[in-house]
């Protein structure tokens, strides 16, 4: 009992350290990517940290699964390296005795992963998609940030402003590059303001500026100076959000609407807790180390096994989406293969079985010399 508690305590300690490192890397990568989207005008600047937190939440099931797998692997590997397993085997215990404390540690984590995959992750995906869609449906000027070139929603205009006054809805030192019917033009103005006409149309009215327009490759360009110039803004504030994708739907919606894409997403949500449980058990026989091999050899093999397992599930997802496989059969195939590999590895480590049987051969009689 004391030894099992010590194993669970060591597993928890190693899992905390591994999770801290992996989460820091994931958070940094997500932050850099979303900051790049914000700099390019694809997401709202004020929602950067919220999007980073929601993105990290969507990756949390896979992150916890990898953390648990590495923690169990490190713990059992250390027992082999420090010769604790020799004492363990000499006392009449086998490698199967590790299954109970490992399951005691793995089952709560698998339950948390199931709750995240079934409820928290779809909610986070829904919030991310709605945030991006709301920003994409804003008018062109409200998406403009001072000091940056921002492309319009129709991809036919590029805006640049030096400063923006949100209270008066005005901009200063405006630069607009536009393309229409094969002709390109540039508009430069000292300031501009947003006006709403009685029919509901929105216009950016520029003051004290110039307009250059012409056809590329030809020398005929037209220059127009103006005191007041209005540009119609493509505004879609009342447009409905795009249809929410399968990964953003709730589990109840996936069960109610049985389409190929919904079945593929449901396969992932049901499968990731099972992956967590099976990988925790697989790490026990996989942690056996050979003194002649480097310390990181089994860790590299384990990471390869982890990505191979998840990749196989994604391939099966693709086949379900293309209706090449049924959901009932596809949901069990990768897990049955993983369970068979666990039984095979435990059999080899416990009963010292070789991969291929060696048939006894009668020694040959020595020939004449």
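FYI, it's all coordinate maths here, none of it is from the lab. Predicted, not measured: the structure shown is a model, and the values here were computed from it. Heads up, the Cβs are rebuilt from the backbone with ideal geometry, glycines too, and the neighbour counts pull from every protein chain shown.
When 77, 250 are arranged by Cβ crowding within 10 Å, least crowded first, meaning fewest neighbours, the order is 250, 77. In a fully extended conformation the segment linking residue 123 and residue 350 would gain 77.3 nm over its present Cα-Cα distance, using 0.36 nm per residue. Counting neighbouring Cβ atoms within 10 Å and putting the fewest first, the residues 351, 212 line up as 351, 212.
When each of the peptides 179-186, 14-21, 67-74, 105-112 is scored by how many other beta carbons lie within 10 Å of its residues on average, the order from highest to lowest is 67-74, 105-112, 14-21, 179-186.
Among 26-34, 330-338, 219-227, sorting by the average number of other beta carbon atoms lying within 10 angstrom of each residue, highest first, gives 330-338, 26-34, 219-227. As a proxy for reagent exposure, ranking 279, 118, 51 by other Cβ atoms within 10 Å from fewest up yields 118, 51, 279.
When peptides 265-272, 85-92, 188-195 are ranked by their average number of other Cβ atoms within 10 Å per residue, the highest-first order is 265-272, 188-195, 85-92. With both labels modelled 7 Å from their Cα along Cα-to-Cβ, the residue 303 to residue 218 distance reads 5.9 nm.
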